[in-house]
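Report on the structure given below.
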Amino acid sequence: MTTKRRSNWYIYVITLVVTGVIVAVVSSILLESFYSSQRAGNTSVPDDNRGTAFLTSPTYNFTVLLTLSEDSDSAPTEYMTLTYRSDEGSVILMPYLASSVVSGKTLRDTYFASGEDGIMQAISAASGVEIKKYVSFTKSTVTEFFNMAGNTTLSIPSDIKYEDKEADTVTVIQKGTRSFTGSQLYSYITLPDYGMSDIQYPCKVDATSISAFINQNFTKMSEGSLNNYAEFIINFTKTNIEQEDYEVRKQAILYTFNNVNGPCDFYIPYGEKTDAGYVIAQESWKVVKDKISVEEE
């Protein structure tokens, strides 16, 4: 007589179902842990170059001096610092008048005496924060850079009319919402006279215009676009920024502009007009230090 062994197929089915439930529960816990860390600000970003991930960190922060002149043989008319803070997901612009008195001299006089290095040293001494990098734009390079990124929409509060008697030209900008090309934006931020009594008005124009340019054109940018911008600055402007400086911060910058809505803001140092120039108040320097104080590698 042969005895048939009863099939135990139902045991395998039960085992498979239980195993699937356990895997689903563990996966749910791991995913929840991941998203909780995202919400808590413990944000990792894949690094395409190294195939690993990193956390946003103060080590990616930096401050750079920006200047703008008519050409490479002219002294700058516009001065500004740009501070990137990876840990806060922010970009802070601070414009300065050429007549601003910093560390005992106007920025204009300091530039004539010792160039960009002198400007960085002067602002560093006054703010207590070391600035080591600069980018010097000219009319041609900044116009091309503006055009690379795209037009900028600005709200002009009142009609502006500037007559340049030497060049026999008249510049008219009507109030309202306007879209500016690269050359138009350059003309707007470098007008010698806006018809305003506020001595700081040119700084307000620079700050609002450049912050709008950055927020409108850099938000959601691709890695390819950022590479193009960095390549242009490193190769076609006067700067001491090197490729390595860019590479170690690239993924952090991409994360900020792809995950923070309008990260660029500004602060305008205040003071008073004197015979020596525009003297920035000590209380304002304390604010500057707080805003541009960055921890770097």
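We did not get these values from a lab; they are worked out from the coordinates using the rules stated. Fair warning: this is a prediction, and the values are worked out from it, not measured in the lab. Here the Cβ positions follow ideal geometry from the backbone for every residue, glycine too, while neighbour counts run over all protein chains shown.
From ASP290, ASP245, ASP265, grab the single residue that is touching a residue at least 60 places away in the same chain (Cβ under 8 Å), under 15 Å from THR63 (Cα atoms) and surrounded by fewer than 15 Cβ atoms within 10 Å (Cβ to Cβ). Checking each option against the conditions leaves just ASP265.
Conditions tested, residue by residue: (1) part of a helix (DSSP H, G or I); (2) among the small types (Gly, Ala, Ser); (3) over 21 Å from SER86 (Cα atoms); (4) out of contact with any Gly (no Cβ under 9 Å at 6 or more places or on another chain).
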| residue | (1), (2), (3), (4) |
| --- | --- |
| TYR188 | yes, no, yes, yes |
| ASP198 | no, no, yes, yes |
| ALA230 | yes, yes, no, yes |
| GLN251 | yes, no, no, yes |
| TYR255 | yes, no, no, no |
| ASP265 | no, no, no, yes |
| GLU272 | no, no, yes, yes |
| TYR278 | no, no, yes, no |
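The set of residues in the stretch 248-297 being more than 19 Å from SER211 (Cβ to Cβ) and of a type in the set (D, E, K, R) consists of ARG249, LYS250, GLU272, LYS273, ASP275, GLU283, LYS286, LYS289, GLU295, GLU296, GLU297. For the stretch 280-297, the candidate set comprises residues that are within 22 Å of ARG85 (Cα to Cα) and either part of a strand (DSSP E or B) or among the small types (Gly, Ala, Ser) (or both); within that set, the residue that is farthest from the chain's Cα centre (by Cα) is SER284. Summed over the stretch 55-74, the residues that are among the charged types (D, E, K, R) and either assigned to a strand (DSSP E or B) or in contact (Cβ under 8 Å) with a residue 60 or more places away in the chain (or both) give a count of 2.
Of the residues SER225, SER211, the single one that is closer than 19 Å to CYS264 by Cβ and either acidic (Asp, Glu) or touching a strand residue (DSSP E or B) at 6+ places or on another chain (Cβ under 7 Å) (or both) is SER211.
Scan the stretch 165-179 for residues that are without any contact (Cβ under 8 Å) to a residue 24 or more places away in the chain and either under 10 Å from LEU191 (Cα atoms) or part of a strand (DSSP E or B) (or both) and the total you get is 6. Within the stretch 75-107, the set of residues being within 20 Å of ASP275 (Cα to Cα), outside any strand (DSSP E or B) and under 24 Å from the mean Cα position of the chain (by Cα) comprises THR77, LEU97, ALA98, LEU107. I'd like to know if the stretch 202-216 contains one or more residues that are in a helix (DSSP H, G or I) and without any contact (Cβ under 8 Å) to a residue 12 or more places away in the chain. Scanning the stretch 202-216 turns up no residue that is in a helix (DSSP H, G or I) and without any contact (Cβ under 8 Å) to a residue 12 or more places away in the chain.
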